[in-house]
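The values are calculated or read from the model by the stated rules, or taken from the named source; none is laboratory data. Everything numeric here is computed off the predicted structure, so don't read it as measured data. FYI the Cβ positions are ideal-geometry reconstructions off the backbone, even for glycines, and counts take in every protein chain you see. What goes into the accessible areas is simple: the full protein's heavy atoms, side chains included, and nothing from ligands, DNA or RNA. Shrake-Rupley method; radii C 1.70, N 1.55, O 1.52, S 1.80 Å.
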Amino acid sequence: MADQQQSPEPTITPQELAELAERTRKVMADYLQRHAADTAENPDPLNVAHAFTQMTAHLVQNPQKLWEMQAAFWQDYMQLWSSSVRRFWGLEQAEAKPVIEPSPSDRRFKDRDWSENVAFDFIKQSYLLAARTIENAAGETNGLDEKTKHKIEFYTKQFIDAMAPSNFALTNPEVVRATIETKGENLVKGLKNLLDDIERGKGRLAIKMTDYGAFEVGKNIAVTPGKVVYQNDLIQLLQYEPTTPTVAKRPLLIVPPWINKFYILDLRPSNSFIKWAVSQGQTVFVVSWVNPDERLAQKTFEDYMNEGILDAITAIEKATGEPEINLIGYCLGGTLTAATLAYMAAGGDKRVKSVTFFTTLVDFTEAGDLTVFIDEEQLKSLEARMSKKGYLEGSDMATTFN
């Protein structure tokens, strides 16, 4: 008989576990202290409680509808329980039609054990039934204004997704298998990642979205050679020379968002828009926005227009002798571009001959999920925080995107 393959021995020593336990104690103490301070300063910065209070008040006014939703849930749940018991005792085939199925695009339940293992299939379907009932309850808010309804639906979905059994070690078959195979080393590594995220945020959860050590200037970030030809309080203006024998007469100015940076358009030679533009005979200028601090507390949107785009256009004319340019506005830089063009048109300034917008929102009437984070209460909270330093920390902006 062939020898059975032995599971690998764990590489985590008792001393390392003890050190990890002490690190966990310290990090969590700092996290709880910071959380308590933040909560004391502003217990509901996203104004979520008010929205759900309105939803609850609306639902209790229609007890008949609540009863119908609960009755439907328990009827489906009892059917699931009966089917699962019959499958467990071999009285029903595994291929029997489930009470509820995940969406075909739902990747959380792709592992075969979510369907073939009776226990995990029961957990999956129980979650999906509860999720559907909660979503239906959140959707029964026709009497509320659209912004409040949107906020309720958004945060309800976040809660439902967070409670998915795939997010917990004991109810995720893939994690259970990995834990057995690695003798728990996967859980230790996961804990280390969590501690790293909390330590990075100095008491706040700062989720790492990328490998910070993976980028190297000139290799996979800011790969196209350029030079600074002008700067002021808010920008440095970068110039990139064309790489073709013939050159377009009119220069090209790119205005990226100030919550991002110019190098989003210049990451690798294979996907760099700036490199492509200069290879087409374009003399390219790009605005590189400064990271603001207390010294720029008095700067306004108007200053970003004047010192960002308008000063850049003047500097381009001095550098090239050309009085007209083509313009690209990217994301929030495009929003600023649109406002600047309106200002220039009102003053009869015709130096911009064409404009192209990349992923730019100009009409914010329907801004999607972003509106969940913007209402009068949240704006007041944001303004109060910004008034202390005079600017918004990049980490706070990152939290919104996360």
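Across the cross-link table entries K124/K157; K110/K147; K97/K147, which are compared at the Cα atoms, the separations over 28 Å belong to K110/K147; K97/K147.
Here the extension length gained between V48 and K202 equals 53.0 nm, from 0.36 nm per residue of separation less the Cα-Cα distance.
Of the residues I180, I198, ranked by 1.4 Å probe accessible area with the largest first, the sequence reads I180, I198. Volume per residue of the convex hull around the Cα atoms, evaluated for segment 277-395, comes out as 154 Å³. What fraction, in whole percent, of alpha-carbon pairs in the chain exceed 38 Å separation? When every Cα pair of the chain is considered, 45 percent fall beyond 38 Å. Here each label is just a point 7 Å from Cα along the line to Cβ, and for N326 and R23 those points are 5.2 nm apart. In plain terms, the chain from T365 to N306 could stretch by 18.7 nm, reckoned as 0.36 nm per residue minus the Cα-Cα distance.
Computed from the C-beta positions of F88 and I180, the FRET efficiency with R₀ = 22 Å rounds to 0.50.
Under a 5 Å amide H cut-off, with hydrogens placed 1.01 Å from N, V290 pairs with I235, Q236 among residues at least 5 apart or on other chains. All Cα-Cα distances of segment 82-234, cut into 5 Å bins from zero to the largest, leave 2, 7, 10, 11, 12, 13, 12, 10, 8, 6, 4, 3, 1, 1, 1, 0 percent in each bin in turn. Taking 20 Å as the cut-off, the amide N atoms of segment 152-179 that come nearer than this to a point 7 Å along the Cα-to-beta-carbon line of N193 belong to 161-179. May I ask you to give the average projected area over all directions of the convex hull of the Cα atoms of segment 249-347, in nm² rounded to one decimal? For segment 249-347, the mean projected area of the Cα convex hull comes to 7.0 nm². Computed from backbone phi, the HN-Hα couplings of segment 304-311 come to 5, 5, 6, 7, x, 7, 5, 5 Hz, rounded to whole numbers (Karplus: 6.51 cos²θ - 1.76 cosθ + 1.60, θ = phi - 60°; Gly and Pro given as x). Using only Cα coordinates, the Kirkwood hydrodynamic radius of segment 155-274 works out to 19.3 Å. Taking the Cα atoms only, what angle lies between the long axis of helix 48-60 and the longest principal axis of the chain, rounded to 10 degrees? Computed tilt is about 50 degrees. Among DSSP bridges having both ends in the chain, what percentage is antiparallel? Round to the nearest 5. Approximately 40 percent, going by the DSSP bridge assignments.
Surface composition of segment 55-198: carbon plus sulfur atoms hold 57% of the accessible area, using a 1.4 angstrom probe and ignoring ligands, DNA and RNA.
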